[in-house]
1. Which residue, of A:556, A:579, is outside the structural domain of residue A:442 (by TED's automatic domain parsing) and in contact with a helix residue (DSSP H, G or I) (Cβ under 7 Å, 6 or more places away or on another chain)?
2. Are any residues in region B:42-57 at the interface with chain A (Cβ under 9 Å from one of its Cβ atoms) and over 15 Å from the mean Cα position of the chain (by Cα), and if so, which ones?
3. Quick one: count up the residues across region B:124-152 that are surrounded by 12 or more Cβ atoms within 10 Å (Cβ to Cβ) and not in a helix (DSSP H, G or I).
4. Here is a check on your reading of the model: is residue A:62 away from chain B (no Cβ under 14 Å), touching a strand residue (DSSP E or B) at 6+ places or on another chain (Cβ under 7 Å), closer than 23 Å to residue A:229 by Cβ and in contact (Cβ under 8 Å) with a residue 40 or more places away in the chain?
5. Given the conditions (1) touching a residue at least 24 places away in the same chain (Cβ under 8 Å); (2) more than 16 Å from the chain's Cα centre (by Cα), and given that residue A:506 satisfies all but one, which numbered condition is not satisfied?
6. Could you pull out every one of the strands (runs of 3 or more DSSP E) wholly within region B:1-111 that has 3 or more residues that are touching a helix residue (DSSP H, G or I) at 6+ places or on another chain (Cβ under 7 Å) and on the phi < 0 side of the Ramachandran plot?
7. Listed residues A:544, A:604; which is in the same structural domain as residue A:479 (by TED's automatic domain parsing), part of a loop (DSSP other than H, G, I, E, B) and over 25 Å from residue A:89 (Cβ atoms)?
8. Please state which one of A:461, A:467, A:481 is free of Cβ contacts under 8 Å to residues at least 40 places away in the same chain and part of a helix (DSSP H, G or I).
């Protein structure tokens, strides 16, 4: 089979030993790559996940590319990282792009598995077949951007591509991420903290090998066609304004979260819109390897913190901006820069600071507990200060926020759990819950916690294809279809922004076949998506997940939205229950959200049927 | 061919976003493989705001040719640098001589490689595949005229 390197590396950090294993055709066809390989590996390597402390040497840290990495495939150069998440305690998973995946594949590796814990700070150098665990004592404490530069300098070639953690990961902040090429992150689930717990500062890769493709001429023709489509209307907003184009769209729909999800509109939305940002702050638009779209908008602050630089997308902007009451693009740019360099996820960070601001304004957190910070909504300096403390676990506030919103709200109590905006411990992203109700179902049932990237179910709401202010049984099917498709997108791995340019799943299968030479139909590939999703769910079931965890936070049911455009919108519990039943029914799971033996056997998940499956 | 009629590949750094599609295509056209390290056109990124792709400029009286102590390089009348691999011993003097760093040694063979403007296709494939039209295949004079237009436009917009 082509496309794949056909082998992966396992590194025992405790003993400093490496083992090379093969990736075989069975894995390729059944689990595709990326998400599929990660789900398979996590399930197999952690047979009793409930017993594993995510920050102990017993946890694993798994990196996978997919079959398309290293080729010209449209926006297909992405990699994924997996571990039991220290933030959620369940299936932890994140995807990043840039050039890293292409480089790793060119070095001749589909993936890397880390086990154990290095005795002292280390980084892994992969230079084709030359693998070396190098001392990183001098890099400890450095920002992600500094780390990249220092490693390139030290290895004497700037073509090394580096993925690293910042001080937040070293300090095992639960929101810590992994950064490559400055602006690309494995953002969610706190996987940077797992890396920190293993004393692993970075992975630096240089590859010089050819990546073999089954039918290169047909692939090039197909890609020329796909790339042409990428200049059309389906990707227009990404190309021009980047994802911040959503700010005004969402504001109009009443689904732009502000003031810690107390509202669905922001009175200063114009000032932080994608349109405004392009006019005043965007200095450069950049693309990941092989991407004809180019959504990444790099900002530079103009007045406050002039010169600060960061890549600002919709999620970062909305959570660190409106959700914290911030109306200044300068402060948002600086806030993202702090998160990116010190190494935390902007979504989770903006969410947890928003929660702390609500606590402060309601008198639940005193000024003493915020280390003297006047943590009002809209106070830009307070936001930046809180972020720095969070990243460094500094003071009372920093130590609290570093735990993530679920744990922090449990520590603080006093009813603050009611407005801790998360599901399964993962902070809610920037899609308002009550004004996008199919989206909320998708978020709540997702395998990694509150997550817009596992089903894209917000699309039917935003596009007006359903009544977004209500729920019914039929929404289950929408989420189910979305999840199966996205499981494939995340396994191939291609960028979700291309989803509108493929005419059908058959074209995704065609792309897979042209690259790998393995025959695959649209139907088969979607079945693989369903298999992968179920496998990850089985891992979660072993972690203790069931129906009770597939619900949005209380605010969704209890606090009607005050905004004029969606006044009074709230989720009715009985409607939600009905929609959830509908979802489980499509999935072939029982009423408690546990996969049935029958469904698992149908998907070829025999071991899982035995270990997790229920009769009905 | 008169040198003023020679077309070269020029790159607009405002449009180039570093996607490397030119490099992937070039590695196929040049060697039939996917391997951006074998591309004859190179994407340069200088953090945080600069991207540009560079390749052979078809210089007049090219220094790479002059630098070669073994007479392995020749400039054809159409401006393209021809390499005699039997003569090249990979000393790399031409690499050092080229002011743009666009003539390089092949990763494996250690012989010199340089953009041949996709002679077999008649026009460069990287330009065809560039999704942002950052790459253009034009004469230097045309490139200059375009730049003047762009500069004037910016000046007028700013007023």
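1. Working: A:579 fails: outside the structural domain of residue A:442 (by TED's automatic domain parsing).
Going through A:556, A:579 in turn, just one is outside the structural domain of residue A:442 (by TED's automatic domain parsing) and in contact with a helix residue (DSSP H, G or I) (Cβ under 7 Å, 6 or more places away or on another chain): A:556.
2. Those that are at the interface with chain A (Cβ under 9 Å from one of its Cβ atoms) and over 15 Å from the mean Cα position of the chain (by Cα): B:45, B:47, B:48, B:49, B:50.
3. Residues that pass the stated criteria total 10.
4. Numbers: away from chain B (no Cβ under 14 Å): yes; touching a strand residue (DSSP E or B) at 6+ places or on another chain (Cβ under 7 Å): yes; closer than 23 Å to residue A:229 by Cβ: no; in contact (Cβ under 8 Å) with a residue 40 or more places away in the chain: yes.
In short, no.
5. Going through the list (1) touching a residue at least 24 places away in the same chain (Cβ under 8 Å); (2) more than 16 Å from the chain's Cα centre (by Cα), residue A:506 breaks only (1).
6. Details: elements: B:7-11, B:42-46, B:50-54, B:73-75, B:81-83.
Filter on region B:1-111 gives B:7-11, B:73-75.
7. Numbers: A:544 fails: over 25 Å from residue A:89 (Cβ atoms).
After ruling out the rest, the residue left standing is A:604.
8. Of the residues listed, the single one that is free of Cβ contacts under 8 Å to residues at least 40 places away in the same chain and part of a helix (DSSP H, G or I) is A:481.
The values are calculated or read from the model by the stated rules, or taken from the named source; none is laboratory data. This structure is a prediction, so every number in the text was calculated from the model and none was measured. Don't worry about glycine lacking a Cβ; one is built from the backbone with ideal geometry, like all the others, and counts go over all protein chains shown.
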